[in-house]
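What follows is a short report on a single structure.
The values are calculated or read from the model by the stated rules, or taken from the named source; none is laboratory data. The model shown is predicted, which means the values in this text are computed figures rather than measured ones. Neighbour counts run over all protein chains shown; Cβ positions are idealised from the backbone, glycine included. The accessibility values were calculated without ligands, DNA or RNA, using every heavy atom of the protein model including side chains. Shrake-Rupley method; radii C 1.70, N 1.55, O 1.52, S 1.80 Å.
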Amino acid sequence: MDISEKVNKYINSHSLLQKESKYIVALSGGADSVALILILLSQGYNVEAAHCNFHLRGEESNRDEKFVTELCHEKNVKLHLAHFDTISYSQFHKVSIEMAARHLRYSYFEQLSKDIGASGICVAHHRDDSVETVLINLIRGTGLHGLTGIHPKNGNILRPLLCVSRDEIETFLNSVNQLYVTDSTNLKDDFIRNKIRLNIIPALREINPSISESIQSTSERIYDAIGIFDKSLESAIKRVSVQNSDGIVINTHDLLKEPSSEYILFTILRNYNFSPAMVKQIYEVIHSDNKDKCGKYFESSTHLLVFDRKTIIVGCINQPIKPIRIPECGNYNFDSFHLKLHIENIYDGFKPSKNSLIATLDAEKIKFPLTIRNIENGDKFVPFGMLGKKLVSDYLTDNKKNMLEKKRQLIISDADGNIIWLIGERTDNRCRVNENTSSVLYLSLI
């Protein structure tokens, strides 16, 4: 079977392309992309070419553009050209040159695909690229998904050449006397992928001449098995956890009953930016006999994880608010809440509010301006119905508030710095309405 038939069989087995549809071929001018467009044309597929000039290799970049222009003219293929100032983009967005070029390339392909009504974008990754990806992921440390290599289809990105090697591609091009260009940076031993391509794979071939085929075959079997694995993992996650508005609650007792409980925990927590090393520490705490684990917490870049009895709670880290000044009664709109303040004369039969979102206080005992802020170390107040002062942190602990809830707790204090309301929790007894009260200050969260 020649390479064209082999690729076409692969296309059909993975349902990658349809003869009646139009496709874009990402044409760099290198051997892989040149072989791809020739094979697709020979099999009767409707394709247009797209070439990106990133202006990173001086005259060599212009040489590539000239080559693909002449090739497309010769093969009567419509060519779309794009020019990018990749270095400026990289500096502005603070990303590497490689990431900048990747983003520019795929963003352009996506837009072009919409503009011309293409059904997909064909890129020329081959079997050796997939094998290199598996080895890179293995060296860096990866989960099972990283061992599946490059997939034939990812959204509208299509990879028809994954069934053939680089040697097969070059043999094919030589057989049809087709020239191609070579990116000089691919010959340098200074990037991880090139080190694997130029040094590691040749060394492995000395042990097993069919190493690329073996790795690719294994990665395909892993890919098939992962479908079953993922379904089982998803069921386990549902058994041990419940998602809420900004995070998740994990039942540690149920978690430990599951096989591979640490991997289940890792799968859950990686979605909240906890590193593998942090997950290992968290799992050790779960597994420990330490009775004081309640209240322990870990922070990722975006989330806080708190141990709370038989559960661990994961929620977004709220940035501390800047103190908000309330100069007088009125309606105040803030990012996450609305506060209404007004004063009314007391009336017969008045009863203090039992609604946690409404505070009723003796207006004459409150000095404006008021301040809304987060709790701070050492904050004290006199909880409603009590006589002595109590640390706010102790009050929240006594009321079973976890670390996450404590960090989110807001208070309102008066002009003298006295806390008059733990918002949504409790008012200060010194401001309570009594028989001598003539007017009532209403503070309502909406």
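Side notes on the structure shown:
- Gyration tensor verdict on the stretch 191-232 (Cα atoms; rounded if a/c is under 1.5, prolate if a/b is larger than b/c, oblate otherwise): oblate
- Computed Rg/Rh of the stretch 345-433, alpha carbon atoms with Kirkwood Rh: 0.96
- Averaging the sequence gap over all C-alpha pairs within less than 8 Å and six or more residues apart, then dividing by the number of residues, gives the chain a relative contact order of 11 percent.
- Size of the stretch 1-70 from its Cα atoms: along the principal axes, largest to smallest, the extents are 41, 25, 20 Å.
- Each Lys and Arg adds +1 at its Cβ and each Asp and Glu adds -1 at its Cβ; summed about the Cα centre, the stretch 52-134 shows a dipole of about 220 debye.
- Largest accessible area first, the listed residues 253, 55, 125 line up as 253, 55, 125 when surface is computed with a 1.4 Å probe on the assembled protein chains.
- In loop segments of the stretch 309-345 as defined by DSSP, the chymotrypsin sites (Phe, Trp or Tyr not before Pro) with at most 12 further C-beta atoms inside 10 Å of their C-beta are 334.
- The calculated P(r) of the stretch 385-428, using every Cα pair and 10 Å bins from 0, goes 25, 59, 16 in percent.
- Computed accessible area, residue 210, all protein chains, 1.4 angstrom probe, square angstrom: 50 Å²
- With the simple spin-label model, which puts each label point 7 Å out from Cα in the Cβ direction, the residue 335 to residue 432 separation comes to 3.6 nm.
- Two-decimal Rg to Rh for the chain - Kirkwood Rh, Cα set: 1.16
- Judged by the mean number of other Cβ atoms found within 10 Å, the most tightly packed of the peptides 25-34, 235-244 leads the ranking 25-34, 235-244.
- Net charge dipole size for the stretch 259-313 [Lys, Arg +1 and Asp, Glu -1 on Cβ; Debye, nearest 20]: 80 debye
- Among the chymotrypsin sites (Phe, Trp or Tyr not before Pro) found in the stretch 228-280, not one is both in a DSSP coil and sparsely packed, with 15 or fewer other Cβ atoms within 10 Å of its Cβ.
- For the stretch 189-291, the C-alpha radius of gyration divided by 2.2 N^0.38 Å, with N the number of residues, is 1.53.
- Relative to the dominant Cα principal axis of the chain, helix 3-13 is inclined by about 40°.
- Taking a point 7 Å from the Cα of residue 244 along the Cα-to-Cβ direction, the residues of the stretch 366-405 with backbone N closer than 18 Å to it are 396-405.
- Between the helical axis of 211-240 and the longest alpha-carbon principal axis of the chain there is an angle of about 20 degrees.
- Residue-level accessible surface for residue 218, protein heavy atoms, 1.4 Å, Å²: 60 Å²
- C-alpha long axis of helix 276-287 to longest principal axis of the chain, angle in °: 50 degrees
- Heavy-atom accessible area per residue - the chain, 1.4 Å, Å²: 55 Å²
- Dipole of the stretch 1-89, positive direction: furthest Cα of 23, 35, 51, with charges on the beta-carbon: 23
- Counting only DSSP beta bridges whose two residues both lie in the chain, roughly 75 percent are antiparallel.
- Overall dimensions of the stretch 319-394 as given by Cα atoms, namely Rg and Dmax in Å: 14.5, 44
- Trypsin sites (Lys or Arg not before Pro) restricted to DSSP loop in the stretch 57-136 with at most 12 other C-beta within 10 Å: 78, 94
- For residue 254, the solvent-accessible surface with a 1.4 Å probe is about 50 Å², rounded to the nearest 10.
- Among the lysines of the stretch 221-354, pairs at least eight places apart or on separate chains and with Cα atoms under 28 Å apart come to 25.
- In the chain the longest region clear of GluC sites (Glu not before Pro) that are loop-assigned by DSSP and have at most 12 other C-beta atoms within 10 Å covers 21-327.
- Over the stretch 43-147 - Rg/Rh using Cα atoms and the Kirkwood inverse-distance radius: 1.02
- Per residue, the convex hull around the alpha carbon atoms of the stretch 220-342 comes to 162 Å³.
- Most to least accessible of 21, 260 (protein chains only, probe 1.4 Å): 260, 21
- 10 Å-binned pair-distance histogram of the stretch 310-355 (Cα, whole percent): 15, 31, 28, 18, 8
- Take every Cα pair under 8 Å whose residues are at least 6 apart in sequence, average their separation, divide by the length of the stretch 345-412, and the relative contact order is 31 percent.
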